[in-house]
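Have a look at the structure below, then the notes.
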Amino acid sequence: MFGDLMGMMGKLKETQAKVEATKKRLDTVLVDENSSDELLKITLTANREIKSISIDDSLLEDKEQLEDYLLLTINRAIEKATKINETELAAIAKDGMPNIPGMDSLFK
């Protein structure tokens, strides 16, 4: 009984270390998103930290249009980054979970 518990605790600590390493690695994974006409370009990390924004000069003439471009493009970039982030962390969580009956159905 205690051997199983100690094994599970060790596995959980190992998984926690892998999660932290993955979060750190995701800081280096860049996600690029462009507006459909490529007048606005956003780059952020898979941890959803904006790294750069490039705005074509033509967008600077219309504040409302620029705001719309920013909202749409940033939200699409965040959605992409979130999918990458969740996929990476879910894979680690699934591999690191102790074998508890019924728990595997949560990760399908």
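Since every read-out is calculated from the coordinates, none of them should be taken as a lab result. Note that the coordinates shown come from a computational prediction; the quantities given were computed from them, not determined experimentally. Ideal geometry is used to build each Cβ from the backbone, glycine not excepted, and the neighbour counts take in all protein chains shown.
Structure values in brief
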item	result
Debye log10 I(q)/I(0) at q = 0.10, 0.18 Å⁻¹ for region 2-101, Cα point scatterers	-0.42, -0.82
Links that overshoot a 23 Å alpha carbon limit, given the list 41/80; 63/83; 41/94; 41/83; 13/83; 13/80	63/83; 41/94; 13/83; 13/80
Separation in nanometres of the label points that stand 7 Å from Cα toward Cβ, at residue 83 and residue 50	2.2
Potential lengthening between residue 67 and residue 37 on full extension [0.36 nm per residue; Cα-Cα distance subtracted]	9.3 nm
